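J.: Can you read through this structure? Questions will come right after.
Any read-out appearing in this document is the output of simple, stated calculations on the displayed coordinates, not a laboratory observation. On a predicted model such as this, the values are computed, not experimentally measured, just so you know. Cβ atoms come from the backbone with ideal geometry, glycine included; neighbour counts cover every protein chain shown.
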């Protein structure tokens, strides 16, 4: 493979006495769909937040397009834009859909309101939600709120191309959705990857088998803060790795310790 677009080297992170990430090495390559899987509480969401620059590791290095990041994302500018879709959509309840999707532009750009509305409508159309800009999050279904959060994550500033997200990070995007709504979200994730001018690279954290198989090409399995296995989606059906076999089967007996 070519040089990673994003690379973590020996990254560790603890919260109090709980060591969530333990000397993790991980790479994301341009144009790939990376799935990060594993039991609950093994650092999957934490690793996304480290990649996004929302939290800093206790030790280790983060390289973005070969450049080492110092501090948090707010302390500098990465050479590529990174957008994040949070598990619960994380929309502002008091703002309309248009204000949510265009939030970064309203706050940090000098674009006129009319231009921001045009850009918001473009992104809403991309996620199949034309004409809902005046709605509030409470008026939307769970699946629609997820798609609004996608539109916000891919928002770009035409006056500052460096802000355009090149990498998307999805944290449990199908959690809490019924199978049909999950399929809509899974198809959208793949379609956004193929759209010109939209992020072609992403990492996705998920527990759901359908989402693993339909949205990822390569997988990293995290357990006890470490990368325990890596391989393609096809290889999860043929590997004899005991952690993978137990995780996919849902068996309570095996090397994965059942909490509670």
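J.: Of all residues in the stretch 143-155, which are farther than 16 Å from residue 84 by Cα and touching a helix residue (DSSP H, G or I) at 6+ places or on another chain (Cβ under 7 Å)?
T.: Our first condition is that a residue be farther than 16 Å from residue 84 by Cα; within the stretch 143-155, this holds for 143-144.
143 - this is the single residue of the stretch 143-155 that is farther than 16 Å from residue 84 by Cα and touching a helix residue (DSSP H, G or I) at 6+ places or on another chain (Cβ under 7 Å).
J.: Out of 117, 152, report the one residue that is closer than 28 Å to residue 6 by Cα and not in a loop (DSSP other than H, G, I, E, B).
T.: On the way: 117 fails: closer than 28 Å to residue 6 by Cα.
Checking each option against the conditions leaves just 152.
J.: Pairs, please: C-beta under 7 Å, at least 6 apart or cross-chain, first residue over 17 Å from residue 207 (Cα atoms) and in the stretch 233-260, second assigned to a helix (DSSP H, G or I)?
T.: Note: pairs meeting the criteria are 254/242; 254/246; 255/242; 255/243; 255/246.
For (1) touching a helix residue (DSSP H, G or I) at 6+ places or on another chain (Cβ under 6 Å); (2) over 26 Å from residue 228 (Cβ atoms); (3) part of a loop (DSSP other than H, G, I, E, B), each residue gets a yes or a no:
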| position | (1), (2), (3) |
| --- | --- |
| 20 | yes, no, no |
| 27 | no, no, no |
| 34 | no, no, no |
| 40 | no, no, yes |
| 47 | no, no, no |
| 60 | no, no, no |
| 83 | yes, yes, no |
| 94 | no, yes, yes |
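J.: When the residues of the stretch 116-136 are filtered to those that are surrounded by fewer than 19 Cβ atoms within 10 Å (Cβ to Cβ) and touching a residue at least 40 places away in the same chain (Cβ under 8 Å), which remaining residue is farthest from residue 177 (Cα to Cα)?
T.: 136
J.: Another question, if that's okay. Which one of 158, 173, 165 is touching a helix residue (DSSP H, G or I) at 6+ places or on another chain (Cβ under 8 Å) and surrounded by 20 or more Cβ atoms within 10 Å (Cβ to Cβ)?
T.: On the way: 158 fails: surrounded by 20 or more Cβ atoms within 10 Å (Cβ to Cβ); 165 fails: surrounded by 20 or more Cβ atoms within 10 Å (Cβ to Cβ).
None of the others qualify; the one that does is 173.
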